[in-house]
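Handing you a structure now.
All of the numbers you see were taken from the coordinates with simple rules; none came from a lab. Note that the structure is a prediction, hence the values are computed from the model and not measured. Reconstructed Cβ throughout: ideal geometry from the backbone, glycine too, with neighbour counts over all protein chains shown.
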């Protein structure tokens, strides 16, 4: 491969990894500013059966990351699961930091051009096809979490605990999030 295209691929990999680090910063920002009463508040639904609480959504994010780690990077230590019905906001904050760190390590390996990389496939769960590890893996992981962040913002608003602009708008202030997470440059 010509050196110029290797440099371009390396930059793309680095940007994806930096973006994943910012992804968890967005989750942490929401957790920091979420009103304590919103954590377990009953959710409004049209069916009357109730849906996931905000606590359960954050637990789901962590537990799905655990599935990704177990299925695709069994050599990495998997953090303990969160109980969606009992976990506290502090437990979710710590657990999400742990699982983000391990998923970052998994993605670093998956996006590597090294022939000795250990993460070469991406299995989301048992009932869907396995993909090659790489940029599609990153995109799926990022989209999954962005989807649930949207749910959390909507639920908090519906429950009467709208997040302050510092959090709800803050997830869009990528320059600031990038700087806070020690990225050498602005988004590129």
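Send over the per residue convex hull volume for the stretch 98-188, Cα only, as a whole number of Å³. Write out the running numbers ahead of the final one.
Values: hull volume 13.0 nm³, N = 91.
Once divided by residue count, the hull of the stretch 98-188 is 143 Å³.
Please compute the contact order of the chain in relative form: average sequence separation of alpha-carbon pairs under 8 Å and at least six residues apart, divided by the residue count, as a percent. Let's see the in-between values first.
Numbers: 207 pairs, mean separation 52.6, N = 188.
So the answer I get is 28 percent.
Once both labels are modelled 7 Å past Cα along the beta-carbon direction, what's the residue 93-residue 114 spacing in nm?
For the pair residue 93/residue 114, the computed spacing is 3.4 nm.
Take peptides 23-31, 149-157 and line them up by average Cβ neighbours within 10 Å, highest first, as a rough protection proxy.
23-31, 149-157
Can you compute the modelled spin-label distance between residue 67 and residue 32, with each label point 7 Å from Cα toward Cβ, in nm?
Each label point is offset 7 Å from its Cα along the Cβ direction, giving 3.0 nm.
Which of the following values of Cα extents along the principal axes in Å was calculated from the structure shown: [x] 58, 37, 28; [y] 100, 56, 35; [z] 47, 40, 29?
Read-out from the structure maps to [x].
Along Cα→Cβ, 7 Å out, is where each label goes; now give me the distance between the ones at residue 179 and residue 60 in nm to one decimal.
3.5
Tilt of helix 3-33 relative to the longest C-alpha principal axis of the chain, in degrees (0 to 90, nearest 10)?
That works out to roughly 10 degrees.
So, one more: Rounded to whole Å and ordered largest first, report the semi-axes of the equivalent ellipsoid of the stretch 7-67 derived from its Cα gyration tensor (root of 5λ). Could you put the intermediate results ahead of the total?
Working: eigenvalues 215, 38, 18 Å².
Calculated on Cα positions only, the semi-axes equal 33, 14, 10 Å.
Which number do you get for Rg(Cα) / (2.2 N^0.38 Å) in the stretch 82-128?
Details: Rg = 14.5 Å, N = 47, 2.2 N^0.38 = 9.5 Å.
Compared with the compact-globule rule of thumb, the stretch 82-128 sits at 1.53.
Between residue 157 and residue 11, take the C-beta separation as r, use R0 = 35 Å, and let me know the FRET efficiency to the nearest 0.05.
On the way: r = 38 Å, r/R0 = 1.07.
The calculated FRET efficiency here is 0.40.
Using only helices, what value at 222 nm comes out for the chain when you add -39,500 (n - 2.57) per DSSP H run of length 4 or more and divide by the total residues, to the nearest 500 deg cm²/dmol? If you can, show how the numbers build up before the last one.
Working: 6 runs with 107 residues, N = 188.
Computed ellipticity for the chain at 222 nm equals -19000 deg cm²/dmol.
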